[in-house]
Amino acid sequence: MRRKINVLIAVLLAFALVLTGCSSSSSSGEESGKVVLKFLHKWPQPEYAPYFEEVVKAFEKENPDIKIKMEAIADEPIKDKLRVILGGNEVPDIMFSWSGEFARKFVRADAALDLTPYLNEDAAWKDSFIPASLQPFTSNEKNYGIPLRFNGKFFVYNKKIFDKYQLQTPTTWDEFIQVLDTLKKGGETPIILGNQSPWAAIHYLTGLNQKMVAQDVRMKDYNPKSGEFTDPGYVKAMEMLADLNKKGYFMKNVNSSSHDMGQQLFAAGKGAIFYVELEEFQTIENNMKGNWGFFPMPSIADGKGSQSFITGAPDGFIVSSKTKHPKEAIKFLKFLTSKDNALKLVKQIGWPSPIDGATNPDTALKEVAEGVDYMKKAEGMAEWLDTDVHAKVADVYLSNIQLLLDGSKSPEEIIKEVQKVAKQVQSEVE
């Protein structure tokens, strides 16, 4: 009996070793003779996931020696996931990243592969991108990311309400305030804002900082190694945002209303203006049926920053510096960002593409194509503040922006906190 048990144990051990061997092979990036690439993105929603499933399936069909192991985690949870990834060993070969500081922290940690050689050796691929979409993924003049979406922020407005008061789209901040005054006096809600998730107001501050602070100063401050945030333009930008609420231009209860609720209120004609991303234009059209137009954040006469920037940024993918299969990872990214798949992205999902010519009136809503033209002609992109500064500085802005709008904290108090944390960050990243 004991001999039978010993034989059984020996068999089980041998079987376990076989399984261990299989597991080891799989985790090292090979599966049944195939190269396995782990691919992490942030769009598990049913309206987006099929696009990625179809692209992966088509790629695997064309490349039977490569297997894509795909994982999708939604917007907020993926931030925690990526933080864990940064400090661990289980790193996807290809992973989602916002551009700007969010990507640069991977660069500083030597976690992102330098993609410059791959772009330079394939000029056709590099030249297929709108240049402004590649730039936000650069660090020290090297490129570490490949954009998938090219997103901007614009004010949309209700044409019927504007026509009622014979209003024109404003090009300067003074004209903007005059429009808001007219709407308020007429009993309208001038601006819809749902700031339950504080990124919504941060997007306002992104553009205001850009326009109020000189570009070289802002770039120095947004660099974690040199950030000070002492320029008075930062306080002025916050004052301008706070004034929009103090003067009653925003809807009531902005901090307890979600952005989605704001979208519903705007569609129902409950407000005249709404600040949205380019990728939301199709939803606006679905709800408004042509009764809307759009304009960029107006220029500010006394602003020291560059007035022709558009708020927004690309997001896309970085390749892990630890990948054992960089050639295959690049092959997949080239396939994902091919003209055919870019056209499909625009048509199927409605996202603006960084591939030049993919977003046009034949593939996209006319207004989406016009928005991309705005971004192509812009001097540059004012990247989302909460991903363009160090995470600790971003947390100060995010945790205080609601307090700014409800009047319980002043711009000066908040900027002092920003300055204090920026100084701490300097010592941590040196």
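The values are calculated or read from the model by the stated rules, or taken from the named source; none is laboratory data. Everything numeric in this text was worked out from a predicted model, so none of it was measured. Positions of Cβ are backbone-derived with ideal geometry, glycine not excepted, and every protein chain shown enters the neighbour counts.
Could you list, in sequence order, all residues of the range 390-417 that are modelled with pLDDT under 95 and touching a Gly at 6+ places or on another chain (Cβ under 8 Å)?
His390
Conditions: (1) outside the structural domain of Thr387 (by TED's automatic domain parsing); (2) part of a loop (DSSP other than H, G, I, E, B); (3) surrounded by fewer than 18 Cβ atoms within 10 Å (Cβ to Cβ). Gly350 meets all but one. Number of the miss?
It is condition (3) that Gly350 fails.
Among the residues of the range 48-82, write down those that are assigned to a loop (DSSP other than H, G, I, E, B), within 18 Å of the chain's Cα centre (by Cα) and either hydroxyl-bearing (Ser, Thr, Tyr) or surrounded by fewer than 17 Cβ atoms within 10 Å (Cβ to Cβ) (or both).
Across the range 48-82, the qualifying residues are Tyr48, Ala74.
When you check Lys289 against the structure, is it of a type outside the set (Phe, Trp, Tyr), assigned by TED's automatic domain parsing to the domain that holds Gln168 and surrounded by fewer than 17 Cβ atoms within 10 Å (Cβ to Cβ), yes or no?
yes
Does Lys392 satisfy the criteria of being surrounded by fewer than 17 Cβ atoms within 10 Å (Cβ to Cβ), assigned by TED's automatic domain parsing to the domain that holds Leu244 and more than 22 Å from the chain's Cα centre (by Cα)?
Criteria not met by Lys392.
Give the residues of the range 126-136 that are in contact with a helix residue (DSSP H, G or I) (Cβ under 6 Å, 6 or more places away or on another chain) and surrounded by fewer than 21 Cβ atoms within 10 Å (Cβ to Cβ), sorted by residue number.
Lys126
Just one of Leu403, Leu385, Leu398 is in contact with a Leu (Cβ under 7 Å, 6 or more places away or on another chain) and surrounded by 14 or more Cβ atoms within 10 Å (Cβ to Cβ); which is it?
On inspection, the qualifying residue turns out to be Leu385.
Report yes if Asn120 is surrounded by fewer than 13 Cβ atoms within 10 Å (Cβ to Cβ), polar (S, T, N, Q) and outside the structural domain of Ser197 (by TED's automatic domain parsing), otherwise no.
Yes; evaluated as a whole, the condition is true for this residue.
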